[in-house]
1. Name every residue in the range 19-29 that is of a type outside the set (Ser, Thr, Tyr), in contact with a Cys (Cβ under 9 Å, 6 or more places away or on another chain) and buried (at least 19 other Cβ atoms within 10 Å of the Cβ), in order of residue number.
2. Would you confirm, using the coordinates I've provided, whether Ala29 is of a type in the set (A, V, I, L, M, F, W, C) and under 18 Å from Pro75 (Cβ atoms)?
3. For the range 132-149, name all the residues that are free of Cβ contacts under 8 Å to residues at least 12 places away in the same chain and either in contact with a Cys (Cβ under 6 Å, 6 or more places away or on another chain) or under 20 Å from Asn168 (Cα atoms) (or both).
4. Under 19 Å from the mean Cα position of the chain (by Cα), touching a residue at least 24 places away in the same chain (Cβ under 8 Å) and assigned to a helix (DSSP H, G or I): which single residue out of Leu85, Leu80 fits that description?
5. Looking at this structure, is Ala113 in the same structural domain as Ala76 (by TED's automatic domain parsing) and either under 30 Å from Ser81 (Cβ atoms) or exposed (fewer than 12 other Cβ atoms within 10 Å of the Cβ) (or both)?
6. Would you list the strands (runs of 3 or more DSSP E) that sit entirely within the range 137-190 and hold 1 or more residues that are under 20 Å from His124 (Cα atoms)?
Amino acid sequence: MAINTPLQTRSNNACELCSSNDENLQAYAVPPKTNDSNDNMVVLCSNCFSKTAASDYTDTNHWRCLTGSIWSETPAVQALSFKILSKLKAEDWAMETLESVFLDESVLEWANAEDELEASKIVHKDSYGVVLETGDTVILTQNLNVKGANFIAPKGTTVRKIRLVADNAEQIEGKIEGDTIVILTKYVRKSV
């Protein structure tokens, strides 16, 4: 995204993480916030922008710049620096930086919000840990007594076009012998 004048002034025409004077500076909205306000934006060089957008934190030497940017007076820069440093906790210098800095509670909540949203998503997995999606075909891994329908669905039965139960990661719905039933994910495997 293009940088507007207030962002240029705030950043002194330099990357707010690594201080690079790259001529391809870009504005980056720190997730989960959007680009509706300059307060949610950080000015990044093309290198920091591409690595951040791709969640590429493998070049730990590059990210040492965060030991300085975490002390910025701008909450968005603090939040982004904290987020990236948290991904680098295995590095001693990153852990020392996180332990030495004191951030406002709202900045910490912002920095951790995206990870918390990701962790709260319901993911349906079969008995082998393979992620299931609506429309998949599964195979029963054991005989199931179908309550209310008075029949047993035998092991090896193929269930096509399943639907995920939105609020329960352990349940899916599928049709067996014309009846729609709820099946526990621990009793199915995804068909290839």
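1. Across the range 19-29, the qualifying residues are Leu25, Gln26.
2. Criteria met by Ala29.
3. First, the residues of the range 132-149 that are free of Cβ contacts under 8 Å to residues at least 12 places away in the same chain: 145, 147-148.
Scanning the range 132-149 gives a single hit, Lys147.
4. On the way: Leu85 fails: touching a residue at least 24 places away in the same chain (Cβ under 8 Å).
None of the other options fit; the residue is Leu80.
5. Details: in the same structural domain as Ala76 (by TED's automatic domain parsing): yes; either under 30 Å from Ser81 (Cβ atoms) or exposed (fewer than 12 other Cβ atoms within 10 Å of the Cβ) (or both): yes.
So Ala113 passes the test.
6. Output list reads 138-140, 144-146, 171-176, 179-184, 188-190.
The values are calculated or read from the model by the stated rules, or taken from the named source; none is laboratory data. Computed from a prediction, not measured in an experiment: that's the story for all the values here. With ideal geometry, Cβ positions are generated from the backbone for all residues, glycine too; neighbour counts draw on all protein chains shown.
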